[in-house]
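The values are calculated or read from the model by the stated rules, or taken from the named source; none is laboratory data. What you see is a predicted model, and the numbers here were worked out from it, not measured in a lab. Glycine also receives a Cβ, built like all others from the backbone with ideal geometry; neighbour counts cover every protein chain displayed. For the accessible areas, the whole protein counts, side chains as well, though only heavy atoms, and no ligand, DNA or RNA atoms are used. Shrake-Rupley method; radii C 1.70, N 1.55, O 1.52, S 1.80 Å.
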Amino acid sequence: MPIRFLSLPVADLQYALECMDIGDLIALSLCSKRTKNLVKSSNRNIEPISAEVYKNTIHLIIKPNLQFLLRDDYFSIALYRGDGIEIWRKPGFTQCHWIAHFLSISRTSMIQKLIISNASPIPYLDIVKKTNPRCFTLDISDNCSSELTIAAVLKLGSIARLVKIDNDPFNNKRHHISELLTLNLHYLCFNIMQNPFKLELSDLLMVNSEHLTIESAVIPEKDLNRFLKLWMKGNHSFYRLKYIELFPWEQIKHEDVLKEIEYQVVDHKRRLSRADGKELLVTVEPDFVVFEFSIP
Amino acid sequence: MSSTEQGTSSAAPAEPTTAPESAAAPEVPESFYYVHGKDKVVHKVSAGALQHSALIHGMISNLGYTEEQAKANPFPFENIDGDILQMVVDWCNQHKGKPTPPEDTNLPKQKEKLFDLVLAVNYLEIKELLTYCCKQVAMMVKGKSPEEIREIWMIPTDAEDEAAEKEAKKRAGKEAAGETAAAAGDAK
């Protein structure tokens, strides 16, 4: 027996919304513009969505047991709610509309995480870029090929705040780290845990991201020392770089990194000052090295 | 006018019955009040049961009725259907003097009456019953698709909403024009 839900007193309506599952709330939001606004204005928090690109499809993940598969036919979406697959249809809704709807009801403008898995075809990344407005983290899985990894960063890096790469795409002769370090990104993170990630002085000198983090970095102390000396002389300009964070594969000796360099100790950090007034805060511990660039 | 005593109808407000609840029960006699809905059937309810309703409890506190006055002046709830009021009274009697558990299987389950029940319970300010009813409303659409929810909760489509909005604007415009014409007529 139907009831006129929207005619309920506001407080009751809100309480009913509070009692609903997130999946049911999303279904309600798709009934009409009015119900969408009702869900948006409710006290319920719909978690920001993550998206995973797998083969030629995009999965939207709200929770592990609540996932949607975007289909590019008949304006529909497949839903996995733990008990089989359902198909929801919304005439006129394209993949962009679906994503915009999910972002809108979770009151956010960004996909939390866009995951690229190894089965994603490179040409499909163009469709992914058209469909997804912005994401906080672009997460490139550890089992992606070098080609897919580099293509994903080149095509999708500009829509992400953080580009996180879980594999080493340069462990071959086909690609060089400069392909990614020279990109104008906000935050680039190489998150390789199982293998050493080789770096040289020339690599650090070409960094064009604002933030760079490298796990398992293998770089000689003398290269880090040379990097600091070049910076002190002002021979090399970094236009965007603000922060470098390295987690070395083997322990670092701070006396070698800071050899023949003048500095002041401020709050357990070494402050290097240049004639032009620019400063660099250096933290060197056996397990990590941090360079913080500051402009007075 | 007819009345019911804890769910039993009779021709006139019934005399209060003293329930043999406990042999060692205290001597203070329980006071009773009378309510009726749209169907004018009078229900006799104890003050203890009526404690659940913030609205009626407030009315009782303010009026300070004697037993006779209460019998002669049943609280009228003309906006509540008789069967809905009966459900509410039954629930209040069942939960007299005790809090409602989060999942109460004794509560009314008539889904076809749920909407009216929510409105009545909201009006009578019976918080625990309202909470349960809202949960029941939410459960109606558990696991349903948008199309099914639209049907169950009678949600208009965007086109229907737009048409209703246009119609409302048109009506408001006509009313405004009518008022202006009337004001002009008065001025003459």
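Which FRET efficiency value, to the nearest 0.05, is calculated for A:Lys55 and A:Arg240 with the Förster distance at 30 angstrom and r the Cβ-Cβ distance? Efficiency, rounded to the nearest 0.05: 0.25.
Once every DSSP H run of n ≥ 4 in the protein assembly as shown is given -39500 (n - 2.57) and the sum is divided by its residues, what mean residue ellipticity at 222 nm do you get, rounded to the nearest 500 deg cm²/dmol? Computed ellipticity for the protein assembly as shown at 222 nm equals -10500 deg cm²/dmol.
The simple spin-label model puts a point 7 Å past each Cα toward its Cβ; for B:Ala184 and A:Gln264 those points are separated by 8.2 nm.
Kirkwood analysis of the Cα pair distances in segment A:1-44 returns a hydrodynamic radius of 10.6 Å. The residue list A:Phe293, A:Pro196, A:Ile177 was ranked by how far each Cα lies along the charge dipole of segment A:176-295 toward its positive end, using unit charges on Cβ atoms, and A:Phe293 comes out on top. Using only the C-alpha atoms, the convex hull of segment A:42-111 corresponds to 100 Å³ per residue. FRET efficiency for the A:Arg274 to A:Glu250 pair, using the beta carbon distance and R₀ = 41 Å, is estimated at 0.85.
Share of carbon and sulfur in the accessible area of segment A:115-170 stands at 56%, probe radius 1.4 Å. Within the shell of other residues whose beta carbon sits under 10 angstrom from the beta carbon of B:Lys142, the net charge comes to -1, with Lys and Arg scored +1 and Asp and Glu -1. Take A:129-138, A:260-269, A:108-117 and order them by the average number of nearby Cβ atoms within 10 Å per residue, most first; the result is A:108-117, A:129-138, A:260-269. The string of couplings for segment A:170-183 from the Karplus curve (6.51, -1.76, 1.60, θ = phi - 60°) is 10, 7, 8, 8, 6, 10, 10, 4, 4, 4, 9, 5, 7, 6 Hz, one whole number per residue in order, with x for Gly and Pro.
On full extension, the segment bounded by B:Lys98 and B:Gln69 gains 7.7 nm, given 0.36 nm per residue less the C-alpha separation. Database remark: amide H of A:Val218 closer than 5 angstrom to the amide H of A:Phe197, A:Lys198, A:Leu199, A:Trp249 (H placed geometrically; neighbours at sequence offset of 5 or more, or on other chains; Pro and chain starts carry no H).
Evaluated at q = 0.05 Å⁻¹, the base-10 log of the normalised Debye intensity for the protein assembly as shown, with identical point scatterers placed on the Cα atoms, takes the values -0.40. Distance distribution P(r), segment A:141-219, all Cα-Cα pairs, bin width 10 angstrom from 0: 19, 60, 21, 0 percent. For the peptide B:155-162, the mean number of other protein chain Cβ atoms found within 10 angstrom of a residue's Cβ is 4. Here the spin labels are modelled as points 7 Å beyond Cα on the Cα-Cβ line, and at B:Leu55 and A:Asp83 they lie 3.6 nm apart. Calculated accessible area for the protein assembly as shown comes out at 52 Å² per residue, all protein chains present (probe 1.4 Å; ligands, DNA, RNA ignored). The order of the peptides B:165-177, A:167-179 by mean Cβ neighbours within 10 Å, most packed first, is A:167-179, B:165-177. Here A:Met193 sits with roughly 110 square angstrom of accessible surface, probe radius 1.4 Å. Proximity of backbone amide H atoms, modeled 1.01 Å from N, is registered between B:Tyr33 and B:Val45, B:Ser46, B:Ala47 at under 5 Å, excluding neighbours fewer than 5 places apart on the same chain. Buried surface for the A/B pair, taken as the accessible area of each chain alone minus that of the pair with a 1.4 Å probe, is close to 2600 Å² in total.
In whole percents, the pair-distance distribution calculated for segment A:39-192 from its alpha-carbon pairs, binned every 10 Å from zero, is 11, 39, 33, 14, 3, 0. In this simple spin-label model, placing a label point 7 Å from the Cα along the Cα-to-Cβ direction at both A:Glu200 and B:Lys40 gives a separation of 10.2 nm. The peptide list B:36-44, B:60-68, put in order of mean Cβ contacts within 10 Å with the highest first, becomes B:36-44, B:60-68. Across every direction, the projection of the convex hull enclosing the Cα atoms of segment A:13-129 has a mean area of 7.4 nm². Eigen-decomposition of the gyration tensor built on the alpha-carbon atoms of segment A:176-295 gives equivalent ellipsoid semi-axes of 21, 18, 12 angstrom, largest listed first.
Suppose the Debye formula is applied to equal point scatterers at every Cα of segment A:111-258; what is log10 I(q)/I(0) at q = 0.11, 0.13 Å⁻¹? With no solvent term, the Cα-only Debye profile gives -0.43, -0.59.
Multiplying the residue separation of A:Glu179 and A:Glu210 by 0.36 nm and removing their Cα-Cα distance gives an extension gain of 9.6 nm.
Rounded to the nearest 20 debye, the dipole magnitude of the protein assembly as shown is 1700 debye, with +1 charges on Lys and Arg beta carbons, -1 on Asp and Glu beta carbons, and the Cα centre as origin. Checking the cross-link pairs A:Lys40/A:Lys129; A:Lys40/B:Lys174; A:Lys36/B:Lys166; A:Lys63/A:Lys173; A:Lys164/B:Lys142 against a 30 Å limit on the alpha carbon distance flags A:Lys40/B:Lys174; A:Lys63/A:Lys173; A:Lys164/B:Lys142 as lying beyond it.
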